[in-house]
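S.K.: My structure is below; once you've seen it, I'll send some questions.
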Amino acid sequence: MEGKQLDIGGVIGRVFSVYGDQASVWVPVSALIIGLPAILAVVLERSSNLGLAFLATVVGFVAQFVFTGMVVELVDAVEKGQDHPDAGRLLRSVIPVLGSLIVVSLVAGIATVIGFVFFIVPGLILITVWAVFAPIIVLERPGGLKSLSMSRAMVRGHAWQVFGVLVLLFILVFIVSLVIGLIGFAVSTAVGIVVTVVFRVLLAPVSALAAAVMYFKLKALGGPRGGLEPFEPIAVPPAGIHEDPPTDRDY
């Protein structure tokens, strides 16, 4: 598959194909892991107990990473031909890498924010080259921050296509968010909370699905696997052979 490029339309189509086909798996999981903490956070934010509200926010933050890992495992199961995998197995598969997923995501998030502060472009570059680090952590389990360099290596040669997928999904989610936000603003407070939570539940898997689908598509196109370094090796002359230093005649 040398020379082939990532198909943006194919990735988007696969994302929503898995989204629909596996709804019976991820919807209940999303409602439990994403929906309940979201409701709790919103309710406590409106109360006077700021400590509990902060705790609920932290729980929701961790829950997001648990759900991301489960979605990646879900796509892996689908790629292996396992229809509607067990949610319990997905959860058990994520727990061992949850710490790495949180730490690397925080590092990547901080670096990306800094990149946006410096003329925006560096932030866009980092979002693109690190687009598949979560599936790498969950499925290949490299140590430390190695998943970031592995993601960069895998995306190399397909960066514009990966960026295109991210932009299209961002526009789609932004439009839906805007519509839902207007609906929530126009109705009563209680209904607005319900609408917001339902919206979060339904959109929760989109970014993780996109990352996982791109990961498998890039692997199929010959992307590096198993921790290959993102840079080309430097040629070293054989032992005993010494090159003469350049002179003025060489330029």
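No value in this document is a laboratory result; all are computed from the given coordinates. Bear in mind that the values here come from a model prediction, so they are computed numbers and not experimental data. As a convention, Cβ positions derive from the backbone with ideal geometry for all residues, glycine included, and neighbour counts pool all protein chains shown.
S.K.: Set Lys and Arg Cβ to +1 and Asp and Glu Cβ to -1, take the dipole of the range 46-125 about its Cα centre, and tell me which of Val107, Gln82, Val59 lies farthest positive.
M.R.: Val59
S.K.: With charges only on Cβ, +1 for K and R and -1 for D and E, what is the dipole size of the range 1-139 about its Cα centre, in debye, rounded to 20?
M.R.: Working: 6 positive and 9 negative charges, 56 e Å.
For this selection, approximately 260 debye.
S.K.: Using a 10 Å cut-off around each Cβ, can you sort Ser207, Ser147 from fewest to most neighbouring Cβ atoms?
M.R.: Details: Ser207 19, Ser147 27.
Result, fewest neighbours first: Ser207, Ser147.
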